[in-house]
Amino acid sequence: MSDAAIDRSGTLEVGRLAVGSIGHHAGGWWGMMTLIATEGFLFVYLEFSYYYFASHYGREWLPSELPSFRLSGPGTVILILSSVAAWWGERGGKSGSRLKLLAGLFIALVLGVVFVALQLREWSDKPFTLASHSYASTYFVVTGFHMAHVIAGLLALAVLILWSGLGYFDRARFAPVSIGIVYWHFVDVVWLTVFVAFYVTPYLR
């Protein structure tokens, strides 16, 4: 019996094993969309708690020293650049360039690690702890949940780099890369909403 696989155009290719998911019809793609929707609502609820407290208690609820852009600003730019790198690598991979795919994923991974380091430094510089008051609890819970998602995304990028290096992907079998990268974009978009909530809106009052 001959081996067979179906490429993105639906063409049956005889002689290749059907390894990996194909395009947006892959079960993993829809699984990731479901995960993103679920986690997206989680952050909506978390950020709602922030806006609820801020709208009810006003300026007195915020810390005396408003959140600084010194670390959060560069961290935000770095996270956006990591998404750009992942997107660039994905485009390279889809065009058949393993080198661009590996370079894009690696740059995204490094920038993500830098973001984590900046966020840890930001946490250590805070004059309050998780249990200090409701603002502190809200801040550390929301940014902590986001940090957990960033770390999950970094692990996914690391696995994709390994599998890409081993030659697991090609133009027909590329769904795992797209699935991992769309999660990374989700993590970045969530951070933008967290950044606006905690770092921008206090200055708009």
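Accessible surface area normalised per residue over segment 48-133 is 57 Å², counting heavy atoms of protein chains with a 1.4 Å rolling probe.
Report the charge-dipole magnitude of the chain in Debye, nearest 20, computed about the Cα centre from +1 at each Lys and Arg Cβ and -1 at each Asp and Glu Cβ.
360 debye
Distance between the pseudo-spin-label points of TRP61 and VAL189 (7 Å out from Cα toward the beta carbon): 2.7 nm.
Specify whether the C-alpha gyration tensor of segment 25-108 places it in the rounded, prolate or oblate class, a ≥ b ≥ c being the square roots of the eigenvalues: rounded for a/c under 1.5, otherwise prolate if a/b is larger than b/c and oblate if not. Verdict is oblate for segment 25-108. Volume of the convex hull of the chain (Cα atoms only), normalised per residue: 123 Å³. Between SER134 and ALA152, residue separation times 0.36 nm minus the direct Cα-Cα distance comes to 3.8 nm.
On full extension of the chain, what length is gained from MET33 through LEU99, given 0.36 nm per residue of separation minus the C-alpha to C-alpha distance?
21.0 nm
Between TRP163 and TYR203, the contour length at 0.36 nm per residue exceeds the Cα-Cα span by 9.9 nm. Placing unit charges on the Cβ atoms of the charged side chains and taking the dipole of the chain about its Cα centre, the candidate lying farthest along the positive direction among TYR52, SER82, SER97 is SER97. To put it simply, the accessible area of the chain at a 1.4 Å probe is 70 percent carbon and sulfur.
The values are calculated or read from the model by the stated rules, or taken from the named source; none is laboratory data. As the structure is a computational prediction, the values presented were derived from the model and not from experiment. Note that each Cβ is placed from the backbone with ideal geometry, even for glycine, and that neighbours are counted across all protein chains shown. For the accessible areas, the whole protein counts, side chains as well, though only heavy atoms, and no ligand, DNA or RNA atoms are used. Shrake-Rupley method; radii C 1.70, N 1.55, O 1.52, S 1.80 Å.
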